[in-house]
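Every read-out reported here was derived from the displayed coordinates using simple, explicitly stated rules and does not represent laboratory data. Everything numeric here is computed off the predicted structure, so don't read it as measured data. Neighbour counts are summed over all protein chains in view; Cβ atoms, including those assigned to glycine, are modelled from backbone coordinates with ideal geometry.
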Amino acid sequence: MGIHLGSDKPSDLQTAVAMIPPGSMVALGGGLSARLPMALVREVIRAGIGDLHVVGSAHSIDVDMLAAAGLISVCEESYVGYEQDLGLAPAFRRAAQKGDLEARESCCDTILTQLRAAEMGLSFLPVHGVKGTDIESLHPEYGRITCPFTDHEYVVVPPLSPDVALIHAPIGDRQGNLHIEQPYVLDERFAVASAQVIATVDRIVSTREVVEAGIVIPFYRVSALVEVPFGAHPTSCYPGYAYDRNHLSAWVTAAGTPEGAGDYLRNYVTGVDEAGYRRRIGPERLEHLTGYQASEETWMEIFR
Amino acid sequence: MSYRFGLDEWFVVELARTVHDSEVVFHGFGSPCATVAMHLAKRTHAPSALLIEGAMYAVNPYPAFIPPTSNDHSLKQGAVYSMRFEEAFDMSVRGEVDHMFLSGIQIDSFGNTNVTAIGPMPTPKVKLGGGGGGCNMSATIRRLTLWTTNHRPGRCLVEKCDFVTDLGHSTREGTRLDLGYTGGGPQALITELGVFDFPEGRARLRALFPDVTRREVAEATGFDYQEAPDLGPLERPARSQIEHIRTIDPLSVRRSEFRPAELERTFPL
């Protein structure tokens, strides 16, 4: 819930992530293998900003990598993993099992409802379901209420107002108007409910170009905007590039042990900046991911 | 040479058979077999179903292939409309979605499922991925089809889930009726060994794959169950269904759900 009208919005990664104090509640945009704010996640790791309370829907390498770096104290996501294909998130799982982070698992529609409560300025909203499951036991902050009209007993949830939302978009203008492609997942909700919105875009373009593509998040919600080509890699950011399944797979293998995760972080995160990261991935590989449009066969080939 | 097909293909056919024509059907993320099954149903016996595609929320897409992840844009090819996240969830919790597929690492005889943790939270033996939206949607969607491809090792169908992530017919707080939920709960549980239904809100063995015995099912199942009076082998798929599956899923992502030994099971047609 911030209105950001300044004309001097931070435009480099270091200054942008310096806006995140340790202990912040951080909303992660995108979901699963698409449009995760990976350049920002990597910069948070470089800056070593810890004790984070991350919130979101179904996520993967963003949470897993922050967990590997030991920066998460509470994880309030509805899912963390790599689906059937690459399985459980090794570093997240290890941290949860050791008690290094609290897995305060939530559900997609509950998170959505809590963000809506924040957007509407309400102190609570009822949610469907949850009652009768064990998810409720992970959330002492939830309550119950009996509907005065129907007598149905609902679980009620407090508003969720993240300190900062990290969002990646394919394009945006200098003021911070952002265009993203469907599915927006919770990004629009995060943008309104969060005090600060730090955005990265693959390309900064003219306002006219963003207007033509369609503004999904308006400039006054965005407090910092940084251009980072391939800023969502190894996840996808259409219409630019498909997700890099091979790289995700390499991370999942590396993260199988703390040492492997540490080596990966040194190679791809703390030992390099974003330009260095792209060099490590290699221009041919990045080019390959942008080539999905050539044919269905090419698109399919990226995932083999 | 005779025409053969694999267990993975028959399994998808069984999932597809639970889809009715002209219903609203949805699957969550990370569900390759359910994804392929929905498209198979749509291209065969359920052409008027409203298919909401995984984590893309695309309506009635016609993808050229199924990718290994549920929110790749290849999954919305051919869809003229994609719902917003909010639309898909509102539709589900409002009760407008007829049918959803759900899986579980543990499943009990009431059809409760656990995808949160093995062993006690907050520091479990194994932290699983999590439930996505199932804990909300399982309360209100009219019909649930459960599936697992890990029945045989004996750790999936359990007497009691270590953690209830998604609702079956009854939990420690009572039945769906007691809880005031409008959804009808699980109607089928499909495993790599056979198919259960839930006539009294409890799992009942209804049919077997032809290479599976009743004893194998009993040995792999951690809860007591009734058998249907007409318990017998599943009806064989039609060749056209198998051909559709191969066309829909050229990357064979459906096979990623099965242990290698199960993939060696093939059947003549």
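Within the shell defined by Cβ-Cβ distances under 9 Å, the residues around B:D98 carry a net charge of 0, with Lys and Arg each +1 and Asp and Glu each -1. With 0.36 nm allotted per residue and the present C-alpha distance subtracted, the B:H45-B:T213 stretch has 57.5 nm of extension available. For a label point 7 angstrom out from the Cα of A:L122 toward its Cβ, which stretches of the range A:142-164 have the backbone nitrogen within less than 17 Å? Output list for this probe position: A:142-161. Measuring nothing but alpha carbons in the range B:168-234 and taking Rh as the Kirkwood radius, the Rg to Rh ratio lands at 1.04.
Which of the trypsin sites (Lys or Arg not before Pro) found in the range B:117-174 are in a DSSP loop and have at most 15 neighbouring Cβ atoms, other than their own, within 10 Å? Provide the component values of the computation, followed by the final result.
On the way: sites: B:K125, B:K127, B:R142, B:R143, B:R155, B:K160, B:R172; in loops: B:K125, B:R142, B:R155, B:K160, B:R172.
Those that pass, being in a loop and sparsely packed, are B:K125, B:R155, B:K160, B:R172.
Sorting the segments A:149-155, A:84-90 by their mean number of nearby beta carbons within 10 angstrom, highest to lowest, gives A:84-90, A:149-155. Quick one: Debye curve from the alpha-carbon atoms of the range B:1-63 only, equal weights, vacuum; give me log10 I(q)/I(0) at q = 0.21, 0.30 Å⁻¹ to two decimals. Normalising to I(0) and taking log10 leaves -0.77, -1.35. When the alpha-carbon atoms of the protein assembly as shown are used, the pair Rg, Dmax equals 23.1, 75 angstrom. Here the simple spin-label model places points 7 Å from the Cα toward Cβ, and for A:V74 and A:T15 these points are separated by 3.2 nm. As a rough footprinting exposure proxy, the listed residues A:I61, A:I217 were ranked by other beta carbons within 10 Å of their own, and the order from fewest upward is A:I217, A:I61.
Assuming charge only on the beta carbon of Lys and Arg (+1) and of Asp and Glu (-1), the dipole of the range B:138-179 about its Cα centre is about 200 debye to the nearest 20.
A:P218 sits among other residues whose Cβ lies under 15 Å from its own Cβ, and their net charge, with Lys and Arg +1 and Asp and Glu -1, is 0. Across chain B the C-alpha pair distances fall into 10 Å bins from zero in the proportions 7, 31, 38, 21, 3, 0 percent. Which whole-number percent gives the relative contact order of chain B, counting Cα pairs below 8 Å spaced six or more residues apart? Relative contact order, chain B: 22 percent. Each Cα pair under 8 Å and six or more residues apart adds its separation to the average, and for the range B:1-61 the resulting relative contact order is 33 percent.
How much of the DSSP bridge set in chain A is antiparallel, in percent, rounded to the nearest 5? Walk me through the numbers on the way to the answer.
Numbers: 14 of 41 bridges.
Rounded to the nearest five, the antiparallel share is 35 percent.
Loop-only trypsin sites (Lys or Arg not before Pro) in the range A:47-112, please: DSSP not H, G, I, E or B, and at most 13 other Cβ atoms within 10 Å. Filter output for the range A:47-112: empty list. Would you compute, from DSSP H runs of 4+ residues alone, the mean residue ellipticity of the protein assembly as shown at 222 nm, taking -39500 (n - 2.57) per run and dividing by the full residue count, rounded to the nearest 500? For the protein assembly as shown, the value works out to -7500 deg cm²/dmol. For the protein assembly as shown, the list of Cys residues with no other Cys C-beta under 4.7 Å reads A:C75, A:C108, A:C147, A:C237, B:C33, B:C156, B:C161.
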